[in-house]
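Report on the structure given below.
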Amino acid sequence: MVVEKHVMFRVRGGLDFTCQLDRTDESYVKQTLGKAFESVRSAVRSPSLVFGVQNSPVFLWPNRSLQATRQGVTENTTCRELQQHIQINEGDSGKRSSKKKDKKDGTTSIINVDLLTEVTEPVLCSAPMLFRQEGKHHFVKMKLPADCVVSAHMDETIGDVCTHLVEALCTQLTNMEEVVLRHRSGTSLPIPEPFHFLLPEPVGLITAVYPAGVPDTQLEPVRKELHRRLELPDDRSCMRRANAYHFPDEPYRDGYLRSPHLALNHPSLEGTKLYLVQGIYSYHHYMQDRMDDNGWGCAYRSLQTICSWFQQQGYVERVVPSHKEIQQALVDVGDKPASFVGSRQWIGSIEVQAVLSHLLGITSKILFVSQGSDLATKGRELANHFSTEGTPIMIGGGVLAHTILGVMWSETSGEIKFLVLDPHYTGGEDLQVITDKGWCGWKGPDFWDQRAYYNLCLPQRPRAI
Amino acid sequence: MGRGYIVDDSVEKYLVSLQTASLSSLTGLLIGQSLPQRDFVVLAVQTPQKAKSESDPSERKPVHSLCDIDTEWVTQHAKQVSWTLPGGLSVLGVFLITPPDLEKEAQNTLRRLVFSVEKLISKGRLWSLNEDDVSERVGLHICSKTRRAVCRTFDVQDAKSSAKPADWKYQHGVSDSWLVLKCSVELHVRFPTPDITLENLEKSTKVSLQKWGNQIESSICLVNGVRVSSDSELISGQKKNTKAFPSNLRAQILIHNVRKEVRTCASVQVCGGVLALRGVVHCRAYIHSNKPKAKQAAEALKRDIMNTVSYRTEMFFEDLLMSEADGERGILGQKQPLPQRVFASVPGAGFCVCDYMFPDEGTAEVKERLKETLDCDIPEEEVDLTQEVIAGELLLDLTDSLGGGGNPIDPLFNLKYICLCWTVGGNPHKHGNHTHTPHKLSRGCTSTTSRNPAIHTVLQCHLHLCSFYSLCQII
């Protein structure tokens, strides 16, 4: 049992923003927007702001010396004690998370907090009045999507945490103000949206605000600046919208399993090192999307898994292509005749490379082995691939296609094991079955047909942020 | 089977007291609280006389035929009555007293009246009945000769349904130990308006109030710090025979701040002006004391919040349109007080009714109106003016806003000017149908603000300390 030491508080809500603009010159707009944002910050600091701890009866007033609704909850209550008031419905989490709890991944738990405003018990009383102001102008209104995360130690008091949350909200509002000013055009103001990114230590969880409606490609200078400030590599995408951290309590809504290999216990092989795919991908296999491709679609599915990797790391915006779209792409590049579309013909690594290039603009290297037994000697190449590119590999040979997600390789002994994702699975998205039955699992060199020849498609990661 | 109506014996006394000349009919309203299983009727009010005769105000024009009953007059009266009812109380139906021979037609008349009353009362509301609400309304027929009462209910959501029989039972002290949920709600509604005509202003106000009403309806209600859920009882751990109910039920309303629609940029409206509704309104709801459900009490309170704001704005615009019709220009100044809500305890009952007082009125007018609308004699000194602040008083308590208790963040209080609303005194001016004497100084005070007596003795001068820019900050 992992004793959790940290907890993340995440507060989310839509904050009302209104402002009246009757001119569009720079200094006037800046000043007016500044005042409007200041009044939103005031609302956040006001005594009527309430934090509602989700799945619990606890409501907190951070700006009223932490008044709370629950007896016994005060500003000195620790986070650990607060957690005891939270009850998560067992029905909401699927089989996936109950399995995850026993795994070693030691996820930090999340406490979600809603932003509420109390309208009763006003600080001051005034008579109800109707105020009127005449004058033509533009009335601008939007809801700012506040989303702040504060990490806390279990023994920290919630009094401190709430102070940090209010500060974080105010800081985020200031960032939002900058983004709105920078990206506005005339009286059209983009809505500033926060995104969280989990970056390798020492950076950790960081939040960036991007203007809605402005695509990632146009925001490259913004990201360049962020990469520079945070000392992130300048050739790897870390802060595109697609790279946003997926909180453990937020299920993916498209129904696909994400990175099932993370649920595995990796075997220990003496002297070997682990080289794995870097990043998130979706598991694509037979029979999904109501497409019966049993017996012929394995390479297509492996290709889909690879496409999902590029999409989820933010390198492409294109959604994962369907079988038909894959076939059409091959017709478009002249590789196949028009009759290919709608057929049940197999494809191989060369076709995978062609489609990756044509639809996603991704280049790939092809690795050829004349017999399956030779794969055991390719440890160095594969290890290098996973270290530098980190993309999933499609392997086709004999009559089968698979996806390789990693290797366990010893430089000295040459011992090797392959982490294989099998697209021939025809069941439902059940992580337990998939990992138990080895549809995603570690295979030895004997897994490959020792006498067949194999082609591997190694997609190359674009050097861009 | 059918519904059960538990009626306070004061209602019986009242109905008996209604003398009718032979061969004439009388209509009126029945007021109380509806529960899933039964209703409590706590007040009955006869429809007032339409045209007051100059000589004898108490002389009633006898109604001989049921066709003479003016449906529109009855429904207008019902609307006025509904404005006096706090949360938890509503018009449950209509009663009709007729001579014996009209008994059969009486059912048709009752049906007509019950449906029309319900229709007018629900018009303009910011909320609508949901599946938990009872849609049955009562039509009570009393024979003036035999005093026999026949009680039937009509489903106002189904115009084709037939009347169902219901039980009418008298009981003592029905509302005696009723509980009350009170709160003061801060209003903060601001919206653009297209241009300055009154109809347009009224329309935009209605639209924005509906949005605000939806927020209130979907808000979280806490009673004594506990969130109201669908099954919880209002008073937990209530022992069977105890009479000691908690006297203070503290209600709090928390509005969700959610981002509903996903847009990429702010909405921009070209407008000719901005209207803002600000201030604090006092709201309350009554709930019966026999294992009341928290959800019902919370809903009654939320509806009262929505009602009091929509009634007031309706009243306000009506009044303004009337003065326009009177030949006076409908003056919608930059800052207009809405009518103040005052309460009065109904003699012998466990609840209060309310009225709305314009700034230039006093308790005498309130007493008069309550007598006219509710046929209720409430002594002037019983009128409680203290629940809301009257415009004309100091809006800010300077020591509170600059001293402790959090930051004076709200721009209203951060301002360079103090809203001291004095008016030019000594000139009687027409307000609607009444001619008023100079504005009375207010009585009473809210318990939260401390008062500076010096300001109160001052006279009358119209002060606009603020610049227009500062006024923008308020809005």
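The values are calculated or read from the model by the stated rules, or taken from the named source; none is laboratory data. From a predicted model like this one, the values you see are computed outputs, not experimental measurements. Neighbour counts are summed over all protein chains in view; Cβ atoms, including those assigned to glycine, are modelled from backbone coordinates with ideal geometry. Side chains included, ligands, DNA and RNA excluded: accessible areas come from the protein's heavy atoms. Shrake-Rupley method; radii C 1.70, N 1.55, O 1.52, S 1.80 Å.
For B:Gln210, the test of being open to solvent by less than 80 Å² (accessible area, probe 1.4 Å), in a helix (DSSP H, G or I) and more than 14 Å from chain A (Cβ to nearest Cβ) is passed.
To keep it simple, each residue is scored yes or no on (1) hydroxyl-bearing (Ser, Thr, Tyr); (2) open to solvent by 50 Å² or more (accessible area, probe 1.4 Å); (3) not in a helix (DSSP H, G or I).
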site	(1), (2), (3)
A:Cys170	no, no, no
A:Thr217	yes, yes, no
A:Pro221	no, yes, no
A:Lys224	no, yes, no
A:Arg228	no, yes, no
A:Asp254	no, yes, yes
A:Tyr275	yes, no, yes
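Look at (1) out of contact with any helix residue (DSSP H, G or I) (no Cβ under 9 Å at 6 or more places or on another chain); (2) surrounded by 16 or more Cβ atoms within 10 Å (Cβ to Cβ) and you find that B:Asp101 fails only one, number (2).
Among residues belonging to the range A:400-434 that are β-branched (Val, Ile, Thr) and crowded, with 17+ Cβ neighbours inside 10 Å, point out the one that is farthest from A:Asn455 (Cα to Cα). The selected residue is A:Ile434. State whether the residues of the range B:188-198 include one that is at pLDDT 80 or above, more than 9 Å from chain A (Cβ to nearest Cβ) and within 20 Å of the chain's Cα centre (by Cα). Yes, because at least one residue in the range B:188-198 is at pLDDT 80 or above, more than 9 Å from chain A (Cβ to nearest Cβ) and within 20 Å of the chain's Cα centre (by Cα).
Comparison of A:Asp234, A:Asp216 shows that the only residue that is touching an Asp or Glu at 6+ places or on another chain (Cβ under 9 Å) and not aliphatic (A, V, I, L, M) is A:Asp216.
Kindly indicate whether A:Glu134 is over 20 Å from B:Gln252 (Cβ atoms), at pLDDT below 90 and out of contact with any Leu (no Cβ under 6 Å at 6 or more places or on another chain). Judged against the criteria, A:Glu134 is a match. The set of residues in the range A:51-72 that are modelled with pLDDT of 90 or more and facing another protein chain (nearest Cβ under 9 Å) comprises A:Gly52, A:Phe59, A:Asn63. The set of residues in the range B:303-327 being touching a His at 6+ places or on another chain (Cβ under 9 Å) and modelled with pLDDT under 90 consists of B:Asp319, B:Ser323. When the range A:282-326 is filtered for residues that are among the hydroxyl-bearing types (Ser, Thr, Tyr) and under 14 Å from A:Ile362 (Cβ atoms), the ones remaining, listed by number, are A:Thr305, A:Ser308, A:Tyr315. Of note, B:Val353 does not satisfy the criterion of being under 15 Å from the mean Cα position of the chain (by Cα), more than 23 Å from A:Glu118 (Cβ to Cβ) and outside any strand (DSSP E or B). Screening A:Ala464 on (1) within 25 Å of A:Gln345 (Cβ to Cβ); (2) open to solvent by less than 40 Å² (accessible area, probe 1.4 Å) shows it passes everything except condition (1). Looking only at the range B:138-151, residues that are open to solvent by 20 Å² or more (accessible area, probe 1.4 Å) and either hydroxyl-bearing (Ser, Thr, Tyr) or within 23 Å of B:Glu72 (Cβ to Cβ) (or both) come to 2 in all. Of B:Ser323, B:Ser289, all but one fail to be open to solvent by 10 Å² or more (accessible area, probe 1.4 Å), more than 9 Å from chain A (Cβ to nearest Cβ), over 27 Å from A:Ser126 (Cα atoms) and over 17 Å from the mean Cα position of the chain (by Cα); the exception is B:Ser289.
Every listed requirement among (1) part of a loop (DSSP other than H, G, I, E, B); (2) buried (at least 20 other Cβ atoms within 10 Å of the Cβ) is met by B:Asp377 save one, (2).
Could you look through the range B:249-286, keep only residues that are among the basic types (Lys, Arg) and within 8 Å of chain A (Cβ to nearest Cβ), and pick out the one that is most open to solvent (accessible area, probe 1.4 Å)? Out of the qualifying residues, it is B:Lys260.
Hey, among the residues in the range B:224-246 that are among the hydrophobic types (A, V, I, L, M, F, W, C) and touching a helix residue (DSSP H, G or I) at 6+ places or on another chain (Cβ under 6 Å), which one's modelled with the lowest pLDDT? In this case the residue turns out to be B:Leu234.
Is it fair to say A:Ser48 is over 20 Å from B:Ser219 (Cα atoms) and facing chain B (nearest Cβ under 8 Å)? Against the criterion (over 20 Å from B:Ser219 (Cα atoms) and facing chain B (nearest Cβ under 8 Å)), A:Ser48 does not qualify. Keeping to the range B:107-160, report how many residues are of a type in the set (Ser, Thr, Tyr), in contact (Cβ under 8 Å) with a residue 40 or more places away in the chain and assigned to a loop (DSSP other than H, G, I, E, B). Residues in the range B:107-160 being of a type in the set (Ser, Thr, Tyr), in contact (Cβ under 8 Å) with a residue 40 or more places away in the chain and assigned to a loop (DSSP other than H, G, I, E, B): 2 in total. Within the range A:258-289, restricting attention to residues that are among the β-branched types (Val, Ile, Thr) and under 21 Å from the mean Cα position of the chain (by Cα), the residue that is modelled with the lowest pLDDT is A:Ile280.
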